[in-house]
Amino acid sequence: MKHSFSMSYFNDKFAAEQIAAEYVNFEIPSIREFKTILKTHPNLKGLNVTIPYKEQVIPYLDQLSENAQLIGAVNVIKIERSKGKIKKLTGFNSDIIGFKKSIEPLLQSHHRKALVLGTGGSAKAIFYGLWQLGITPTYVAREKQSDAVLTYDELNAQDMAAHTVVVNCTPVGMWPHVDERPKIPYEYLTKEHLLYDLLYNPNETLFMKSGAEHGAVVKNGLEMLLLQAFASWEFWQN
């Protein structure tokens, strides 16, 4: 459960607001270590959860928020204690909040359908976030998983014309592999398209560069990351 951005963001926040707290990273080899973290850190108030544990952590929790239950993935855990013992573990999903707030100002009336690249925990949050924004999403994966999921090899000019929002929820193109990009047919992109990459390192991925070359509007995931951090803090405080 590792995220360098969250650690620096929250520790800077604690220092600036004189909050007696510390944000630390727990890099664990297996979700089975989750209980050990809780047991050995009795002052722990909350957690952020990152890939690959957003779905695996759910069986360890007592309650899920409505969004987390709908999505089937958790990236925020609130820990409630009573007399030193854990009373309740509640799972939330702040990815969907950060994504919706970040992409909404860019949406136009012609943005009616979207391709969601990837099918993991983050992709699920994006999928339902798009639904809540009135956009019909479709998953894209490397292999055929069901009739409702397209593969990269299946994407054609008609698919790209219909789906004018494309969201990369995969790690393809992340530093240091900056010369890689998801295998969509970029030649069919136009100025009507919006390409959103959940990645933010590098600041402009090859996915984004390729979209911009065809006139598409592009955005990375840094603002989403910041907004989901705001939401995490709200969940822990309430």
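In a shell of Cβ-Cβ distance under 14 Å around Glu104, excluding Glu104 itself, what net charge do Lys and Arg (+1) and Asp and Glu (-1) give?
Details: positive: Lys100, Lys101, Lys219; negative: Glu223.
Taking every Cβ under 14 Å from that of Glu104, the sum is +2.
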Answer in debye to the nearest 20: the dipole magnitude of the chain about its Cα centre, from +1 Lys/Arg and -1 Asp/Glu charges placed on Cβ, is 1000
If you filter the range 123-188 for GluC sites (Glu not before Pro), then keep DSSP loop positions with at most 10 other Cβ within 10 Å, what is left? Glu143
Using the Cα centre of the range 99-224 as the reference point, and only Cβ charges (+1 on K/R, -1 on D/E), how large is the resulting charge dipole? Debye, rounded to the nearest 20. 340
Report, in deg cm²/dmol and to the nearest 500, the calculated mean residue ellipticity at 222 nm for the chain, where each DSSP H run with n ≥ 4 adds -39500 (n - 2.57) and the sum is divided by the residue count. -9500 deg cm²/dmol
Length gain on complete extension for the stretch Leu38 to Asn238, per 0.36 nm per residue less the alpha carbon to alpha carbon distance? 70.0 nm
Any chance you could give the angle, 0 to 90 degrees and rounded to 10, that helix 121-132 forms with the longest Cα principal axis of the chain? 70
Taking Lys and Arg as +1 and Asp and Glu as -1, residues besides Ile58 with C-beta under 15 Å from its C-beta add up to +2
Quick check: the distance between the Cα centres of the range 1-78 and the range 106-166, to the nearest angstrom? 28
Cα gyration tensor of the range 84-163, axes a ≥ b ≥ c as square roots of the eigenvalues: rounded (a/c below 1.5), prolate (a/b > b/c) or oblate? oblate
Which length gain, in nm to one decimal place, applies between Trp175 and Ser109 when the Cα-Cα distance is subtracted from 0.36 nm times their residue separation? 20.4 nm
Along Cα→Cβ, 7 Å out, is where each label goes; now give me the distance between the ones at Glu22 and Ser82 in nm to one decimal. 3.0
So, counting K/R as plus one and D/E as minus one, what does the shell of residues with Cβ under 13 Å around Lys39 add up to? +3
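We did not get these values from a lab; they are worked out from the coordinates using the rules stated. These figures come from a predicted structure and were not determined experimentally. All Cβ positions, even for glycine, are placed from backbone atoms using ideal geometry, and neighbour counts span all protein chains on display.
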